[in-house]
């Protein structure tokens, strides 16, 4: 059984690794990718192949940063039309239902079946159940093969867009909380209220503060990717919802944190220093 | 000992009640206030007096919605200048350090001493320690009289603005989390992802979901007041901070929830129905 996973980032390679461990053959397309990505893909047991072999897979998973989701769908659709093949394409990315509809439109019925997937939780780790892959629009249970090969799949009611909506809502809360904590701890540091704030958070909302202490450093290397995800959430909420503005602000905040990381991580150091020993 | 408390809302009246229980005489100014406010003030043991008697108090606390903080300071300063009195004025409101500086500027040194206060936690309840009153700029320990009369006061380092900054940061996290939950649960309800989202939150972030289930209904009657507080936080962060936009969005969200309450609470009912039994 051959499954293609497009995207050999932290999540894509770990998902592929879990499938390989459970007996699947997993191919991927690495043309133009960095040496470290190629290395990570090989370490996970992914086989680099040409686009034609990707198009020949029974199931293709797209697991890429949200800003790349549409381009991946286009690339695969072009190849399917060129070769006259049909397959099942599951977009697993953190994109809005609207962007998911765009992906589905790129795939006409001539290309096969499109599934709406979304991943909640971190990459699979040895000995852990790993993230949940939510799937909607999967009437024929095309995702069953993933369950057979060790993934935790939850099919949810609703057509294309339902799994994306779930992901938007969950990420809006979870990554939103990290963003609020990052923004306000930085503001406290810059206004000299940081030690008093830390003490108050520890006293009155200890669970929430513990979540921030864990979640904020975990975010630094992912901030660049979360920018587009926050923009997707803003798009999902739509212009008539005042909360859309919240996530435009979150996108700006994560852009700032991504830039901070490129620039040596001064802000990250300040946050880590405040939260150390907490 | 006479203390004036301006504002007989839920917080002002409960703070006054605590002071009265502990032997203080508390006066207030109720000209033009509603029957229910007058009733609440009297139930708390506050004595309605004229502005001249307020100005003659040894310590005046301003505990009003953030949008009214400057007007209250102006009203008191005018009266002090008219009567030639000096006193200590503590602004306890959820305002930005910049607005606090405006309040301090309204009081020249001819009016006496200005303290920066902020309240973290809900109104005092019988048998509970009640909220913390943070105070900065209190070099002469003018807040000591509040401690003697049963309030929990925490003096923090820093001058005028430090207590306000702490409040902005704490409220930004705490009320921000409630706002994120409100926005995304509503979005999930409107896109049919609500039951799947609820289950995922219960499974993966149970503490956070429990906080939302408690905090969201608690917010409905306060939403109108939180609008200005979110605008103060946005102002506090300043134009150069992308996170300022987050709180402009939060202000819009709470404006929507305040309007929903006026209109009969349809959105509140939807949220309560989803979270019931959670």
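The values are calculated or read from the model by the stated rules, or taken from the named source; none is laboratory data. Note that the coordinates shown come from a computational prediction; the quantities given were computed from them, not determined experimentally. Glycine gets a Cβ as well: all are built from the backbone with ideal geometry, and neighbour counts include every protein chain shown.
List of remarks:
- Residue satisfying all of: in region A:144-170; more than 19 Å from residue B:198 (Cβ to Cβ) and in a helix (DSSP H, G or I); nearest to the chain's Cα centre (by Cα) among these: A:146
- Single condition residue A:73 does not satisfy, out of (1) under 30 Å from residue A:173 (Cβ atoms); (2) more than 14 Å from the chain's Cα centre (by Cα); (3) surrounded by fewer than 18 Cβ atoms within 10 Å (Cβ to Cβ): (3)
- Unmet criterion (only one of (1) surrounded by 19 or more Cβ atoms within 10 Å (Cβ to Cβ); (2) under 14 Å from residue A:164 (Cα atoms)) for residue A:101: (1)
- Search result, residues across region B:239-260 that are more than 9 Å from chain A (Cβ to nearest Cβ), modelled with pLDDT of 95 or more and not in a helix (DSSP H, G or I): B:240
- Looking only at region A:158-192, and only at residues there that are more than 23 Å from residue B:245 (Cβ to Cβ) and touching a strand residue (DSSP E or B) at 6+ places or on another chain (Cβ under 7 Å), the one that is modelled with the lowest pLDDT: A:158
- Scanning region B:204-213 finds one or more residues that are within 12 Å of another protein chain (Cβ to nearest Cβ), farther than 23 Å from residue A:193 by Cα, out of contact with any helix residue (DSSP H, G or I) (no Cβ under 9 Å at 6 or more places or on another chain) and in a helix (DSSP H, G or I).
- From B:185, B:271, residue being within 12 Å of chain A (Cβ to nearest Cβ), part of a helix (DSSP H, G or I) and surrounded by 18 or more Cβ atoms within 10 Å (Cβ to Cβ): B:185
- In region B:203-217 there is no residue matching the filter, namely being under 30 Å from residue B:106 (Cα atoms), touching a residue at least 12 places away in the same chain (Cβ under 8 Å) and under 20 Å from the mean Cα position of the chain (by Cα).
- Every residue from region B:1-44 that is within 17 Å of the chain's Cα centre (by Cα) and in a loop (DSSP other than H, G, I, E, B): B:7, B:8, B:9
- None of B:12, B:45 is modelled with pLDDT of 95 or more, over 28 Å from residue B:139 (Cα atoms) and touching a strand residue (DSSP E or B) at 6+ places or on another chain (Cβ under 8 Å) except B:45.
- One residue from A:200, A:195 being assigned to a helix (DSSP H, G or I), in contact with a strand residue (DSSP E or B) (Cβ under 8 Å, 6 or more places away or on another chain) and within 12 Å of chain B (Cβ to nearest Cβ): A:200
- If you filter region A:136-164 down to residues that are on the phi > 0 side of the Ramachandran plot and within 14 Å of chain B (Cβ to nearest Cβ), you find that the one that is surrounded by the fewest Cβ atoms within 10 Å (Cβ to Cβ) is A:158.
- Qualifying residues in region B:224-233 (those that are at pLDDT 95 or above and surrounded by fewer than 24 Cβ atoms within 10 Å (Cβ to Cβ)) - the one nearest to the other protein chains (Cβ to nearest Cβ): B:227
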